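Input: a single structure, listed below in structure tokens.
Taken together, the values in this text are just the output of simple stated rules run on the coordinates, not laboratory data. All of these numbers come straight from a predicted model, not from anything done at the bench. Here the Cβ is made from the backbone with ideal geometry for all residues, glycine too, and neighbour counts use every protein chain on show.
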Amino acid sequence: MSVIADRNAPPMSPPKAGAAGLDGLTTRGLVVVVALYLVIAVALPLAAMFEQSLRTYDFELADVEVEFQLADGSWGQAHTLAYWQERTGQVLNDGLRPTARTRIPLAKLISKSDRTDIELFRVRDLSDDKGVILFDGTVSGDGSWREVERSGLGKVLIRPVSHLTLENYLYYFETPSLRWSIVNSLAVSLFTTMIVVPLAFGFAFAMTRSAMALKGLFKTIALVPILVPSLLPGIGLVYLFGNQGPLTDLLMGESIYGPIGIVIASIFFTFPHAFLIILVALSISDARLYEASIALRATRWRTFWTVTVPGARYGLISSAFVVFTLVITDFGVPKVIGGGFNVLALDIYKQVIGQQNFQMGAVVSMILLVPALVAFVVDRRIQQRQVALLSARAVPYVPKPNWRFDTTMLAYCCIVSFFILGILAMCQLAALFKFWPYDLSFSFKNYDFDRMDGGGWDSYGNSLRMAFYVAIIGTTTVFVGAYLVEKTRVFAGGRWLLQLLAMMPMAVPGMVLGLSYIFFFNHPDNPLGFIYGTMAILVLCTIAHFYTVAHLTATTALKQMDREFESVSASLKQSIWKGFRRVTMPVCQPAILDIGIYMFVNAMTTVSAVVFLYSPETTLAAVAVLNMDDAGDIAPAAAMGMMIFYTNVVARLLHVGAGRLLGRRSQAWRR
């Protein structure tokens, strides 16, 4: 039965002004809230870190005057500390560059001969902020004279004055050991990229161009490294190729500690990222192009170079930039297996944790931000140039069975899978052996984490809690933010700013973001400083770190929905948020679940973003792996890493089950 519209019927009335106004106010308010979160979680910490990278410290000895009491009770002539230092010839700070934490006792600047028979001194601070001298840990205050007995000179501390200059950067590039970290990072990143991209391409090629068996199994194995922290492959390689490893001879006298180990472990944890990108690129192919190639009697080799590779070129380029960025910004692999081979991410850790030199750590962070930012910008430009490869008339490519080719691809996938599973199996065996390689009897003593120096089982519980909070809060924030950008039409400037802020975290390495939180949230004038050292700051940082990928996932799902949904909702005088709850969320339910599991898994495995932010009460499982490895408890570290892996496997299974259960109701339209 057809329905004919009545031309004389009144036009559909717009929604009530009150409802539209309320929707507009709600939308504007939510845009401000989400944008404010990203400003606080990303933009302001990065700005604080940049400011700290420019901050240098030196001693203004001319701003402090000292005089002593004469035998007759009168006071002698006052001299500046520059005068006293010249008399002693004392080298300040033992020749090291002063930092914010550097302190010099006053007794160190006045020689013993000048202090002989003098019982009482007077000191005053003439600096602008009256904050150079510390008496019992507090500043002098008003710049007036303060009397100090000779025995108390060691308790009067002089601290440096800060300036904003480029000296930190100049010092970095003038120091060979620091400068070489850039070369080392670029070298291992480029070398790893040149290995991973062809490996991943071959694996994806087997999935899409062959008719071999067990494709689902091999695809699952290829994605396994995503479920483990980047520390774990380093531990597995130590057991396999270390001094007591069964495969040490394969290195032909070379050590696994250094660039060799970093490259092999980086191949392990970056492989699935490259594989997924290239798999999508190869899956989008038109069978008619291959039919035309056959009709023109082109060889398989010529078809490969003229049809397959050009069709996947954007995927190959994008995967190369992703792998390069992951390797150059990774901290876990070089920390476990890098040995004395310095890289940028490891330099940040050494400067901050080892030397407490936060300003130099900020400098290295800003330098590390440059290649990551360049790779991100170039990748985005290339993606913008990508054109549609499938038209409405395209025919999906279905590979035809070819015994020789399928067998070759199956053998190749077996080799790659053996590499992935071999490292994991070695970690699990090491966790179960009593004492490798001398006592290979099985025992669960390595799982007694409470006896180790890593944080115990409480660390594992903290990780579960944090991952749950990140999954719930992060998914809600990301999806609402993506909906505001894609589906609302008010506050165009605010939505543009929100989209810009949402893309920022992609170019910020985890260690850089974590260090920036120290400068921002640990500042005494920050009203949000109360969250420093709590679970809240770990959740805030982790969500921000992985925000961009989740945001892109949400916007991709929302783009697939016709804009008419919002128009119809408005015509029916319904709030856009009612349509969001009853239409948008059910339709996008698979994407919401994908964002949730992505957040959960990465929260369980992340190390770099939280290594500077945890407290003794909020130690995480991945951080416990790092701490136990540092303490020499390598087998327990492997055990904790495998616990993270098994937890993520269970989470993935629950994700699949939840998707199927909820999909029966919300996704029936797809069937």
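Using equal-weight Cα scatterers in the Debye expression, the normalised intensity of segment 394-446 in log10 at q = 0.27 Å⁻¹ is -0.96. Cα centroids of segment 294-368 and segment 402-465: 24 Å apart. Reported value for segment 87-245: 260 Å³ per residue, from the convex hull of its C-alpha atoms. Taking GluC sites (Glu not before Pro) across segment 52-138, the ones in a DSSP loop with at most 11 further Cβ atoms lying within 10 angstrom of their Cβ are E119.
For segment 395-491, a Kirkwood hydrodynamic radius built from all Cα pairs, placed in the Stokes-Einstein relation at 25 °C and 0.890 mPa s, yields a translational diffusion coefficient of 126 µm²/s. Listed by chain and number, the aspartates and glutamates whose alpha-carbon sits under 12 Å from that of K215, ignoring those within fewer than 8 places in the same chain, are D406. About its Cα centre, the chain has a charge dipole of approximately 4100 debye under the convention of +1 per Lys or Arg Cβ and -1 per Asp or Glu Cβ, with nothing else charged. Backbone geometry of segment 456-472 corresponds, through the Karplus equation with coefficients 6.51, -1.76 and 1.60 at θ = phi - 60°, to 3J(HN,Hα) couplings of x, 5, 4, 4, 5, x, 4, 5, 4, 5, 5, 4, 5, 4, 4, 5, 6 Hz, x marking Gly and Pro.
Dividing the C-alpha radius of gyration of segment 487-534 by 2.2 N^0.38 Å, with N its residue count, gives 1.56. Legend: Rg and Dmax of segment 572-625, from Cα coordinates, 18.2, 56 Å. When Rg and Dmax are taken over the Cα atoms of the chain, they come to 30.7, 119 Å. Near the amide H of V156, within less than 5 Å, lie the amide hydrogens of L106, A107, all on another chain or at least 5 residues away, with H placed in the peptide plane. When the alpha carbon gyration tensor of segment 417-570 is reduced to an equivalent ellipsoid, its three semi-axes come out at 42, 23, 14 angstrom, largest first.
Computed over segment 168-221, the P(r) curve from all C-alpha pair distances, binned at 10 Å from the origin, holds 20, 27, 19, 15, 13, 6 percent per bin. Equivalent ellipsoid of segment 243-345: semi-axes from √(5λ) of the C-alpha gyration tensor, largest first, are 39, 17, 10 Å. Straight distance only, please: which aspartates and glutamates reach the Cα of K445 with their own Cα at less than 20 Å, same-chain residues fewer than 8 apart left out? Output for K445: D453, D458, D629, D630, D633. Of all aspartates and glutamates in the structure, those lying under 13 Å Cα to Cα from K155, and not within fewer than 8 positions of it along the same chain, are D136, E147.
The Cα atoms of segment 463-514 give a gyration tensor whose axes a ≥ b ≥ c have a/c of 1.5 or more with a/b no greater than b/c, which makes the shape oblate. Average projection, convex hull of the Cα set of segment 296-379: 7.6 square nanometres.
Note on segment 207-278: percent of Cα-Cα distances in each 10 Å bin, starting at 0 and stopping at the bin with the largest distance, equals 18, 39, 27, 15, 1. All distinct Cα pairs of segment 55-164 go into the 1/r average, and the inverse of that average, the Kirkwood radius, is 14.1 Å.
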